[in-house]
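S.K.: Pasting a structure below so you can have a look.
The values are calculated or read from the model by the stated rules, or taken from the named source; none is laboratory data. No experiment lies behind these values; they were computed from the predicted model shown. All Cβ positions, glycine included, derive from the backbone under ideal geometry; neighbour counts span all protein chains shown.
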Amino acid sequence: MPQRIAIASDHAAFEMKATLAAWLREQGHIVNDLGPDGVASVDYPDYGYALAQAIAAGEADLGVALCGSGVGISIAVNRHPAARCALVSEALSARLARAHNDANVIALGARLIGIEVARDCLAAFIATPFAGDRHARRVAKLSQPRFEREPA
């Protein structure tokens, strides 16, 4: 089933972004490429925030965030309470991020994994539904954090 997928990167992951966006389109998905448009140096928070906003506004069902390591852009995306971004480097983590955490954004490190692994992660992420059940209670708490010493 086609999904609306927003994708963004920094300059370090521009080539991977372009390749994944083309692959997603070949798979029949509707892709919103949020940039950048080239390899000139940019700041990953700007693109992470734009991706989170697209998710929050309902402009995309899922998101793909890319930077050199995947760490910086995932932190930026996760600043928005509507975004649940999971940094992954193999397909099992991508699958579990969707099934257990209802992640709506996947982050990948272009300098750490190759394009085949990135495609495998993305395919698993898109194909996996949220399992709900006991996970729903936990996911709900992610949008309403409590910073107490004792677990609820």
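S.K.: Condition test on Ser74, is it among the hydroxyl-bearing types (Ser, Thr, Tyr) and buried (at least 20 other Cβ atoms within 10 Å of the Cβ)?
M.R.: yes
S.K.: Show the residue pairs that are 6+ apart or on different chains and have beta-carbon atoms under 7 Å apart, the first residue being within region 131-146 and under 16 Å from Ala83 (Cα atoms), the second being part of a helix (DSSP H, G or I).
M.R.: What qualifies is Val139/Asn101.
Each row is one residue, and each column tells you yes or no for (1) in contact with an Asp or Glu (Cβ under 9 Å, 6 or more places away or on another chain); (2) assigned to a loop (DSSP other than H, G, I, E, B); (3) buried (at least 24 other Cβ atoms within 10 Å of the Cβ); (4) modelled with pLDDT of 95 or more.
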residue: Leu51; (1), (2), (3), (4): no, no, yes, yes
residue: Ala54; (1), (2), (3), (4): no, no, no, yes
residue: Glu59; (1), (2), (3), (4): no, yes, no, yes
residue: Leu66; (1), (2), (3), (4): yes, no, yes, yes
residue: Pro81; (1), (2), (3), (4): no, yes, no, no
residue: Leu96; (1), (2), (3), (4): no, no, no, yes
residue: His100; (1), (2), (3), (4): no, no, no, yes
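S.K.: Against the condition over 21 Å from Ala12 (Cβ atoms) and either touching a strand residue (DSSP E or B) at 6+ places or on another chain (Cβ under 7 Å) or not hydrophobic (A, V, I, L, M, F, W, C) (or both), how does Gly72 come out, does it pass?
M.R.: Details: over 21 Å from Ala12 (Cβ atoms): no; either touching a strand residue (DSSP E or B) at 6+ places or on another chain (Cβ under 7 Å) or not hydrophobic (A, V, I, L, M, F, W, C) (or both): yes.
The answer is no for Gly72.
S.K.: Would you be able to say whether some residue in region 133-145 is part of a helix (DSSP H, G or I) and closer than 20 Å to Ala8 by Cβ? Spell out how you get there, then give the answer.
M.R.: In the first step, residues of region 133-145 are kept if they are part of a helix (DSSP H, G or I); the result is 134-142.
Applying the additional criterion that residues be closer than 20 Å to Ala8 by Cβ yields none.
No, region 133-145 has no match at all.
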